Amino acid sequence: MRLNPNGRIPTIVDRGADDFAVFESGAILWYLAEKYDRFLRHDPKERSETLQWLMFQMGGIGPMMGQAMFFQRIAKPSGDEVPYAIDRYVNETRRLLKQVGRRPTLASGENDLPGAEESGRWALPGKRGR
């Protein structure tokens, strides 16, 4: 809790910057991209496009998949099945992943922010390992 007020989200400590702590996955990716001048384009439109997809993952895919997983894999087996919640979060997750599946990639190479570029693609049907 000293480094991260939530206590659950990933946290890094930059020892080369006076032990500066950064928490939250998206903030960590953004911080590292700026610190090392990699993964984020310098062109404002391209940079914005990458950051929009990072925010899409952080504000949509991540939370919806988390809730879908909770209601399907934790609450339901524990006897607390909530069909409305399962349907809502599973359907919203599917809708969001369809958007990711339709979007063209920004570019290839080291100029793309990891995580933003592939937001949720690993979870698309036929894309995950079995």
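The values are calculated or read from the model by the stated rules, or taken from the named source; none is laboratory data. Nothing here was measured: the structure is a model prediction, and the numbers come from that model. No Cβ is skipped: glycine too gets one built from the backbone with ideal geometry, and neighbour counts run over all protein chains shown.
Annotations for the structure displayed:
- Check on residue 44, loosely packed, with under 14 Cβ neighbours inside 10 Å and over 30 Å from residue 103 (Cα atoms): no
- Restricting attention to the range 71-94, the residues being buried (at least 17 other Cβ atoms within 10 Å of the Cβ), under 13 Å from residue 60 (Cβ atoms) and either not β-branched (Val, Ile, Thr) or not assigned by TED's automatic domain parsing to the domain that holds residue 61 (or both) number 2.
- Meets criteria (at pLDDT below 95 and not in a helix (DSSP H, G or I)) for residue 40: yes
- Some residue of the range 10-22 being within 15 Å of the chain's Cα centre (by Cα) and not assigned by TED's automatic domain parsing to the domain that holds residue 103: yes
- A single entry from 97, 106 fulfils the requirement of being among the aliphatic types (A, V, I, L, M), surrounded by 14 or more Cβ atoms within 10 Å (Cβ to Cβ) and modelled with pLDDT of 90 or more: 97.
- Residues of the range 1-37 that are in contact with an Asp or Glu (Cβ under 9 Å, 6 or more places away or on another chain) and assigned to a strand (DSSP E or B): 11, 13, 20, 21, 22.
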